Amino acid sequence: MRSSLTLVGTLWAFLSLGTAVASSTSYFLPYWLFGSQLGKPVSFSTFRRCNYPVRGEGHSLIMVEECGRYASFRAIPSLAWQMCTVVTGAGCALLLLVALAAVLGCCMEGLISRMMGRCMGAAQFVGGLLISSGCALYPLGWNSPEIMQTCGNVSNQFQLGTCRLGWAYYCAGGAAAAAMLICTWLSCFAGRNPKPVMLAESIMRNTNSYAMELDHCLKP
């Protein structure tokens, strides 16, 4: 089974898969932001959180120690986080599609040409740019009441207060940077150029086929 990728292309395919998996995993895990509320650790992503307060008996607040997503898109604490959810999700989806095609190129001959590889690299750059934009939008939501309650009521846009950024945020940003810089560059050398002999054979085959069909149509 012959690959349609060069040696550099094979490296690009596996690196593309790694960055896509890393960014997508970070997107779904609620460990972008860490804080505390009612003496319990609390963590957030863009659309999920771990540990949240509910009204107990006597109208007192108790912490439910479990992770889950918000009940609806509108329930996400801020408009910035809603935008971040959409933009980052689109970027992760784009990176996953390119990574899947790149891995298939390792097993299928003629699937990825030199020009196709460069186009896929451009798509990776856009995907990484979308994820980076999501990471840039994330701090704009730190002034929402829900985040302020977790961060000592002193947080604001680009000011965390008593909270701290989580490893998933850095992982998403790092994967996006790798996709934009390294994967995009490697994609320029990923695909194989079609051999001139193969091109000539293909052209002759198509020409002969067309001639036979034309001759058949013109026969009385």
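Summary of computed values
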read-out	value
Flag for residue 26 being outside any strand (DSSP E or B), open to solvent by 20 Å² or more (accessible area, probe 1.4 Å) and among the hydroxyl-bearing types (Ser, Thr, Tyr)	no
Answer residue from segment 157-184, given it is touching a Gly at 6+ places or on another chain (Cβ under 9 Å), more than 16 Å from residue 130 (Cβ to Cβ) and not aliphatic (A, V, I, L, M) and is modelled with the lowest pLDDT among those	161
Some residue of segment 1-22 being part of a strand (DSSP E or B), open to solvent by 30 Å² or more (accessible area, probe 1.4 Å), on the phi < 0 side of the Ramachandran plot and basic (Lys, Arg)	no
Residue that is open to solvent by less than 50 Å² (accessible area, probe 1.4 Å), within 30 Å of residue 115 (Cα to Cα) and at pLDDT below 95, where the choices are 187, 144	187
Cross-chain or 6+ apart pairs with Cβ under 6 Å, segment 85-103 first and farther than 14 Å from residue 175 by Cα and modelled with pLDDT of 95 or more, then hydroxyl-bearing (Ser, Thr, Tyr) and surrounded by fewer than 20 Cβ atoms within 10 Å (Cβ to Cβ)	87/133
Residue within segment 10-33 that is modelled with pLDDT under 90 and of a type in the set (Phe, Trp, Tyr) present	no
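The values are calculated or read from the model by the stated rules, or taken from the named source; none is laboratory data. Note that the structure is predicted; figures quoted are calculated from it, not measured. Cβ sites come from the backbone with ideal geometry, for glycine too, and all protein chains shown count toward neighbours. Keep in mind that these areas ignore ligands, DNA and RNA; they rest on the heavy atoms of the full protein, side chains included. Shrake-Rupley method; radii C 1.70, N 1.55, O 1.52, S 1.80 Å.
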